[in-house]
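Peer 1: Starting off with a structure, shown below.
The values are calculated or read from the model by the stated rules, or taken from the named source; none is laboratory data. Predicted model only: the values in this text are computed from it and were never measured. No Cβ is skipped: glycine too gets one built from the backbone with ideal geometry, and neighbour counts run over all protein chains shown.
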Amino acid sequence: MAFSERVTRLKSSLIREILAAAQRPEVMSFAGGLPAQEMLPRVEWDALPVNLGQYGTSEGEPELREAIAAQARALGVECDASQVLVTAGSQQALDLAAKLYIDQDTQVLLEGPSYLAALQSFQFFGADCLTVPLTAEGMDIEALRQCLETNKPAFAYLIPTFQNPSGVRYTEACRDQVAALMDEFSVTLIEDEPYRELIFDDAPATPIVSRLKRTSWIYTGTVSKTLLPGLRVGYLIASLDLYPYLLRLKQAADLHTNRIGQWQALQWVGTPRYQAHIQELRNFYRARRDAFQAALVRHFGELADWNQPQGGLFFWLTLRQPIDTRLLLEPALAQDVAFMPGEPFFSDPEGNLGRLRLNFSHVAPERVDEGLSRLASVIKAAQAL
Ligand code: PMP
């Protein structure tokens, strides 16, 4: 069939397939990045204005853009509402950025590991993915410098706050160094922050884009992790040189983000009620993180190494005896346990065997122990082969 050349690069998403398999109620799923069902807030629709059934503007609802800009300014990001574009989740922001920059073989710079769906989207448009490894402090700065001295990436895509999948939060020093290098080498920074608000300690770190002096940037966020992912409301904030292009790409993609979801998001963003809800989420997820950590120590203490995450939704485990964790999926599912193999989070999966991403927010604590015990047995059995 005569499809476009790029369609040959379209990969099926492993995570979607797993999530489909994990739909059975008896499956304990550590696979997705789903918020806990019981923490989805009850939302009211009664006051929804009728005129929101009409077409809206491509930029997004003006009041929502104002609220998002105010929130970003409070984090130190210099911007105003005219730089905010409301998108269909932050996923769409990544899609628009990819369309803006990527042709066949365009170099882009990512963390190793990086967010699976970003990797897929960038590769779909033909990107040549350059990978800079992560450490517990953030990006390996020496490796970043070397990479920038020998390559010319169109942009760097980073998730500096509770990274997906590794859970890493860049230190203050690392944030400063990354910003300085982006400026020095004139690389556009795309900073993706869906997990910023899901923080369990009190060591916030301001966005890297707020530390830039010269280079272009896109900052993206979402209400998916703090309100409702089903609303499909996210946003990007861009430096003035990029904004007009992103706006035209948005128009071409879908005219505008659904106004109903935007209205609901506006009932929350910037309100005391939202702050209270986010505080509840933090307490809830912190308790789940703690219970998960204790169960991990029991069942994975001998098998793997990990750092306890200070925010976000994931533990990232490195097996002491590396094996291809993709091969563990089927036996794990046969035991009614789903997890996310680590290999697909790297642009070179074969060179990065032996890691697992485990979501700690979704499975009820009373089932976590059983789930992790079964998963550990599956791993031990495979390693014994
Ligand atoms: N970026 C990262 C790093 C994510 O983990 C996710 C969701 N899992 C997204 C973007 C997309 O989120 P959404 O489109 O729901 O805003």
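Peer 1: Given the residues Asp176, Asp201, which is the only one that is at pLDDT 95 or above and of a type in the set (Asp, Glu)?
Peer 2: Working: Asp201 fails: at pLDDT 95 or above.
Every option except Asp176 fails the conditions.
Peer 1: While we're looking at this one, here's another question. Test each condition in (1) away from the ligand (no atom under 16 Å from the Cβ); (2) among the aromatic types (Phe, Trp, Tyr); (3) within 22 Å of Val84 (Cβ to Cβ) for Tyr219 and report the one that comes out false.
Peer 2: The failed condition is (1).
Peer 1: Find the strands (runs of 3 or more DSSP E) located wholly in the range 75-143 whose residues include 2 or more that are within 13 Å of the ligand (Cβ to nearest atom), and list them. Outline the logic, then answer.
Peer 2: On the way: elements: 84-87, 107-112, 128-135.
Per the criteria, 84-87, 107-112.
Peer 1: Does at least one position in the range 287-310 carry a residue that is touching a strand residue (DSSP E or B) at 6+ places or on another chain (Cβ under 6 Å) and closer than 23 Å to Pro160 by Cα?
Peer 2: Yes - at least one qualifying residue is present in the range 287-310.
Peer 1: Cβ-Cβ distance below 7 Å, separation of 6 or more or different chains: which pairs start in the range 277-299 with a residue that is within 24 Å of Val43 (Cα to Cα) and end on one that is of a type in the set (D, E, K, R)?
Peer 2: Ile278/Glu197
Peer 1: Still on this structure: When you scan the range 331-382, how many residues do you find that are farther than 26 Å from Lys11 by Cα and assigned to a helix (DSSP H, G or I)?
Peer 2: Filtering the range 331-382 for residues farther than 26 Å from Lys11 by Cα gives 335, 360-382.
Filter once more, keeping what is assigned to a helix (DSSP H, G or I): 365-382.
Residues flagged as farther than 26 Å from Lys11 by Cα and assigned to a helix (DSSP H, G or I) within the range 331-382 amount to 18.
Peer 1: Assess whether Arg211 counts as being of a type outside the set (S, T, N, Q) and closer than 23 Å to Gln163 by Cα. Don't jump to the end; show me each part of the working.
Peer 2: Values: of a type outside the set (S, T, N, Q): yes; closer than 23 Å to Gln163 by Cα: yes.
It is true that Arg211 is of a type outside the set (S, T, N, Q) and closer than 23 Å to Gln163 by Cα.
Peer 1: Could you check how many residues of the range 341-385 are acidic (Asp, Glu) and over 19 Å from Phe314 (Cα atoms)? I'd like the intermediate steps shown before the answer.
Peer 2: First pass over the range 341-385, keeping only residues acidic (Asp, Glu): 343, 348, 350, 366, 369-370.
From what is left, the residues that are over 19 Å from Phe314 (Cα atoms) are 348, 350.
Qualifying residue count, the range 341-385: 2.
Peer 1: Among the residues of the range 271-291, is there at least one that is touching a Pro at 6+ places or on another chain (Cβ under 7 Å), over 18 Å from Ile68 (Cβ atoms) and aliphatic (A, V, I, L, M)? Outline the logic, then answer.
Peer 2: Narrowing the range 271-291 to residues touching a Pro at 6+ places or on another chain (Cβ under 7 Å): 277, 288-289, 291.
With over 18 Å from Ile68 (Cβ atoms) added as a condition, the list becomes 288-289, 291.
Remaining after also requiring aliphatic (A, V, I, L, M): 291.
Yes - at least one qualifying residue is present in the range 271-291.
Peer 1: Could you list, in sequence order, all residues of the range 254-272 that are more than 14 Å from the ligand (Cβ to nearest atom) and either among the polar types (S, T, N, Q) or in a loop (DSSP other than H, G, I, E, B) (or both)? I'd like the intermediate steps shown before the answer.
Peer 2: Restricting attention to the range 254-272, the residues satisfying the condition of being more than 14 Å from the ligand (Cβ to nearest atom) are 255-256, 259-260, 263-264, 266-268, 270-272.
Matches in the range 254-272: Leu255, His256, Gln264, Gln267, Trp268, Gly270, Thr271.
Peer 1: So for the range 240-253 (the condition being under 21 Å from the mean Cα position of the chain (by Cα), more than 16 Å from the ligand (Cβ to nearest atom) and assigned to a loop (DSSP other than H, G, I, E, B)), does at least one residue qualify?
Peer 2: Looking for residues that are under 21 Å from the mean Cα position of the chain (by Cα), more than 16 Å from the ligand (Cβ to nearest atom) and assigned to a loop (DSSP other than H, G, I, E, B), one finds none in the range 240-253, hence no.
Peer 1: Still on this structure: Can you confirm whether the range 280-295 contains a residue that is over 30 Å from Ser377 (Cα atoms) and within 16 Å of the ligand (Cβ to nearest atom)?
Peer 2: Initially, the range 280-295 is screened for residues over 30 Å from Ser377 (Cα atoms), giving 280-283.
Still in the list and also within 16 Å of the ligand (Cβ to nearest atom): 281.
Yes, the range 280-295 contains a residue that is over 30 Å from Ser377 (Cα atoms) and within 16 Å of the ligand (Cβ to nearest atom).
Per-residue answers, yes or no, for (1) surrounded by 16 or more Cβ atoms within 10 Å (Cβ to Cβ); (2) polar (S, T, N, Q); (3) modelled with pLDDT of 95 or more:
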{"site": "Val223", "(1), (2), (3)": "yes, no, yes"}
{"site": "Gly234", "(1), (2), (3)": "yes, no, yes"}
{"site": "Ser239", "(1), (2), (3)": "yes, yes, yes"}
{"site": "Pro244", "(1), (2), (3)": "no, no, yes"}
{"site": "Leu255", "(1), (2), (3)": "no, no, yes"}
{"site": "Asn258", "(1), (2), (3)": "yes, yes, yes"}
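Peer 1: In the range 46-74, what residues are of a type in the set (A, V, I, L, M) and either in contact with a His (Cβ under 7 Å, 6 or more places away or on another chain) or in a helix (DSSP H, G or I) (or both)? Steps first, please.
Peer 2: Within the range 46-74, the first condition is being of a type in the set (A, V, I, L, M), and the residues that meet it are 47-48, 50, 52, 64, 67-70, 72, 74.
Of everything in the range 46-74, those that are of a type in the set (A, V, I, L, M) and either in contact with a His (Cβ under 7 Å, 6 or more places away or on another chain) or in a helix (DSSP H, G or I) (or both) turn out to be Val50, Leu52, Leu64, Ala67, Ile68, Ala69, Ala70, Ala72, Ala74.
Peer 1: Still on this structure, please answer the following. Yes or no: Thr188 within 20 Å of the chain's Cα centre (by Cα), more than 15 Å from the ligand (Cβ to nearest atom) and surrounded by fewer than 17 Cβ atoms within 10 Å (Cβ to Cβ)? I'd like the intermediate steps shown before the answer.
Peer 2: On the way: within 20 Å of the chain's Cα centre (by Cα): yes; more than 15 Å from the ligand (Cβ to nearest atom): yes; surrounded by fewer than 17 Cβ atoms within 10 Å (Cβ to Cβ): no.
Here the answer is no, as Thr188 does not meet what is asked.
Peer 1: Would it be correct to say that Thr220 is touching an Asp or Glu at 6+ places or on another chain (Cβ under 9 Å), in contact (Cβ under 8 Å) with a residue 24 or more places away in the chain, within 30 Å of Arg145 (Cα to Cα) and not in a helix (DSSP H, G or I)?
Peer 2: yes
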